[in-house]
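Notes for the one structure printed next.
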């Protein structure tokens, strides 16, 4: 058997020209712009085909808060300070908002018979706080109001007590009393009231995370996992949303958690290499 040349129209663009399109597309040029500026007569559809053949996909842009020079400098300093740290000891915390009626943003469709999904205006939402580590996790804490220092203190006093933590079977016994708490740089985390609560619960065993750095917190991976589970079920009420989240959290595989937490060393090295720029995590 051999794959012999087929009949059909010869490709307009060479592999080298296709690579040029890929480079320009990565810089933000649309297929219409590429088609207009091409020396050969070609439609934007032809350009799209060339980009797809090169592995590109038309996807939603990732948007995040802009990093200033000071933010990047602090991220590099933090990465250098912590690159040799034992991240298996750390309990990473974060908050997230889940919206009722959330559904996948993309789906395979018939271009001539596209299904329509309703766009909800101000959909009901559920705020969630949680913390997770290689060998441990808190329970989910649900709240409906905006987070502030008083509520944060209540969350900490409820969830960081040892009897409310869940440890994996592989957790070293000494780690049960020596884990380290990590929180981000939100204002309500740094008030005197919040820091007094942290001090009472974990003493000096806490890490202050650099601002605007969700890519350096593995908890973001866990939120993505839970978000996918919610979109698979598509709950219709806040009660059922809580039920889906709780069930997914309880059954969350420990090896999935470890895969994220053990990537911290690699993340920090990459952050240093790219001088504090945002990472692709």
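Overview of results
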| quantity | calculated |
| --- | --- |
| Some residue of the range 223-237 being surrounded by fewer than 16 Cβ atoms within 10 Å (Cβ to Cβ), on the phi > 0 side of the Ramachandran plot and in contact (Cβ under 8 Å) with a residue 40 or more places away in the chain | yes |
| Identity of the residue in the range 77-88, part of a helix (DSSP H, G or I) and more than 21 Å from the chain's Cα centre (by Cα), that ends up surrounded by the fewest Cβ atoms within 10 Å (Cβ to Cβ) | 81 |
| Residues satisfying the stated conditions in the range 87-115, i.e. over 30 Å from residue 152 (Cα atoms) and either in contact with a strand residue (DSSP E or B) (Cβ under 6 Å, 6 or more places away or on another chain) or at pLDDT below 65 (or both) | 104, 105, 106, 107, 108, 109, 110, 111 |
| Filter result (part of a helix (DSSP H, G or I) and surrounded by fewer than 18 Cβ atoms within 10 Å (Cβ to Cβ)) within the range 176-199 | 176, 187, 188, 192, 193, 195, 196, 199 |
| Qualifying positions in the range 128-150 - in contact with a strand residue (DSSP E or B) (Cβ under 9 Å, 6 or more places away or on another chain), outside any strand (DSSP E or B), in contact (Cβ under 8 Å) with a residue 24 or more places away in the chain and farther than 19 Å from residue 203 by Cβ | 134, 135, 139, 140, 147 |
| Failed item, numbered, when residue 263 is tested on (1) touching a strand residue (DSSP E or B) at 6+ places or on another chain (Cβ under 7 Å); (2) surrounded by fewer than 18 Cβ atoms within 10 Å (Cβ to Cβ) | (1) |
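The values are calculated or read from the model by the stated rules, or taken from the named source; none is laboratory data. Here the structure is a predicted model, which is why all the values come from computation and not from measurement. In this analysis, Cβ positions are derived from the backbone assuming ideal geometry, glycine residues included, and neighbour counts consider all displayed protein chains.
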